[in-house]
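Reading through the structure tokens given below for one structure.
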Amino acid sequence: GAVVSQHPSWVICKSGTSVKIECRSLDFQATTMFWYRQFPKQSLMLMATSNEGSKATYEQGVEKDKFLINHASLTLSTLTVTSAHPEDSSFYICSAPIAGWDGELFFGEGSRLTVL
Amino acid sequence: GENVEQHPSTLSVQEGDSAVIKCTYSDSASNYFPWYKQELGKGPQLIIDIRSNVGEKKDQRIAVTLNKTAKHFSLHITETQPEDSAVYFCAASILTGGGNKLTFGTGTQLKVEL
């Protein structure tokens, strides 16, 4: 099946710094990618929809200036957590459907962010 | 928006027994219902999905049933094995032709005991 790769798989940073997480579709094109956040023992919550060539769409309550999303190509979306604080510590997961295909979303392996 | 409820939150079964996880959804327009298995520290993996034009789908030991009228769907795992132990999430969405926003249930921690 299609593969979505995330990098880094884990990152530790100091409070106040910014962290960038990459999401790549390795063998298919993705005009849309979705970013989720998952706190320990909780469900996945959609943060934003990343659209290639246009602005991301953020879910209610998600600060767009805090979580910068860029979808620069048909295979790459990035999520930058700006001025990270301990409460931003979480598991961030991206997913992507194959462009033009209605159905299965392919998920990355996730990126665990720990802010000290 | 869509709201998906999932029960139970934890489920322990003996190896070889069946496990059933149930979900309900609120938006009658939802037409795509996937189930994901998530192991610790990893991303979710699709194990089976069903669309609203069918009532049941089976893949070896895994089956999903859908009742559109009642707006609920269930995951059935037969002959459970220790490697089935994981967190399972149901989800619902409306297929829009080029990507769909999934709403996830709250998850079920399944433990298969020897």
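Would you say A:Ile93 is within 14 Å of chain B (Cβ to nearest Cβ) and open to solvent by 30 Å² or more (accessible area, probe 1.4 Å)? No; evaluated as a whole, the condition is false for this residue.
Being among the small types (Gly, Ala, Ser), touching a strand residue (DSSP E or B) at 6+ places or on another chain (Cβ under 6 Å) and open to solvent by 50 Å² or more (accessible area, probe 1.4 Å) is the filter here; which residues of region B:10-38 pass it? If you could, list the steps in order and put the result at the bottom.
Restricting attention to region B:10-38, the residues satisfying the condition of being among the small types (Gly, Ala, Ser) are B:12, B:16, B:18-19, B:26, B:28-30.
Now restrict to residues that are touching a strand residue (DSSP E or B) at 6+ places or on another chain (Cβ under 6 Å): B:12, B:19, B:30.
Passing the criteria: only B:Ser12.
When restricted to residues that are of a type in the set (S, T, N, Q), surrounded by fewer than 16 Cβ atoms within 10 Å (Cβ to Cβ) and more than 8 Å from chain B (Cβ to nearest Cβ), region A:18-46 contains 2.
Are any of the residues in region A:47-62 facing chain B (nearest Cβ under 8 Å) and either crowded, with 16+ Cβ neighbours inside 10 Å or aromatic (Phe, Trp, Tyr) (or both)?
Checked region A:47-62: at least one residue is facing chain B (nearest Cβ under 8 Å) and either crowded, with 16+ Cβ neighbours inside 10 Å or aromatic (Phe, Trp, Tyr) (or both).
Give, as residue ranges, the strands (runs of 3 or more DSSP E) completely inside chain B that count at least 1 residues that are of a type in the set (Val, Ile, Thr).
Hits in chain B: B:4-7, B:10-14, B:19-25, B:45-51, B:62-67, B:72-77, B:86-92, B:108-113.
Candidates are the residues of region B:80-114 that are among the small types (Gly, Ala, Ser), farther than 14 Å from B:Lys37 by Cβ and surrounded by 20 or more Cβ atoms within 10 Å (Cβ to Cβ); the one that is nearest to the chain's Cα centre (by Cα) is B:Ala92.
Going residue by residue through region B:58-72, is there one that turns out to be open to solvent by less than 20 Å² (accessible area, probe 1.4 Å), more than 24 Å from A:Pro97 (Cα to Cα) and not polar (S, T, N, Q)? No, the conditions are met nowhere in region B:58-72. Of the conditions (1) farther than 25 Å from B:Lys42 by Cβ; (2) at pLDDT below 95; (3) open to solvent by 50 Å² or more (accessible area, probe 1.4 Å), A:Leu68 fails just one. Which one is it? All conditions pass for A:Leu68, except number (2). Against the criterion of being closer than 20 Å to A:Ala48 by Cβ, of a type outside the set (Lys, Arg) and at pLDDT 95 or above, B:Phe73 does not qualify.
Pull up region A:1-17, narrow it to residues that are part of a loop (DSSP other than H, G, I, E, B) and open to solvent by 30 Å² or more (accessible area, probe 1.4 Å), then point me to the one that is modelled with the lowest pLDDT. Lay out the reasoning, then the answer.
First, pick out the residues of region A:1-17 that are part of a loop (DSSP other than H, G, I, E, B): A:1-3, A:8-9, A:14-17.
When the remaining residues are screened for being open to solvent by 30 Å² or more (accessible area, probe 1.4 Å), the result is A:1, A:3, A:9, A:14-17.
On the way: A:Gly1: 68, A:Val3: 89, A:Ser9: 96, A:Lys14: 96, A:Ser15: 97, A:Gly16: 97, A:Thr17: 97.
Top of the filtered list is A:Gly1.
Scanning region A:21-72 for residues that are of a type in the set (Val, Ile, Thr), over 14 Å from A:Ala96 (Cα atoms) and part of a loop (DSSP other than H, G, I, E, B) gives a single hit, A:Val62. Considering only region A:96-105, I want to know if a residue exists there that is free of Cβ contacts under 8 Å to residues at least 24 places away in the same chain, open to solvent by less than 10 Å² (accessible area, probe 1.4 Å) and within 13 Å of another protein chain (Cβ to nearest Cβ). Yes, that holds for at least one residue.
Against the conditions (1) out of contact with any Phe, Trp or Tyr (no Cβ under 6 Å at 6 or more places or on another chain); (2) aliphatic (A, V, I, L, M); (3) at the interface with another protein chain (Cβ under 8 Å from one of its Cβ atoms), B:Leu114 satisfies every one except (3).
Taking each residue of region B:44-61 that is closer than 13 Å to B:Cys90 by Cα and looking for partners that are among the charged types (D, E, K, R) and part of a loop (DSSP other than H, G, I, E, B) with beta-carbon atoms closer than 7 Å, six or more apart or interchain, yields B:Leu46/A:Glu104; B:Asp49/A:Glu104.
The values are calculated or read from the model by the stated rules, or taken from the named source; none is laboratory data. The shown structure was predicted, so the numbers you read here are calculated from the model rather than taken from an experiment. Cβ atoms come from the backbone with ideal geometry, glycine included; neighbour counts cover every protein chain shown. These accessible areas exclude ligands, DNA and RNA; they are computed on the full protein's heavy atoms, side chains included. Shrake-Rupley method; radii C 1.70, N 1.55, O 1.52, S 1.80 Å.
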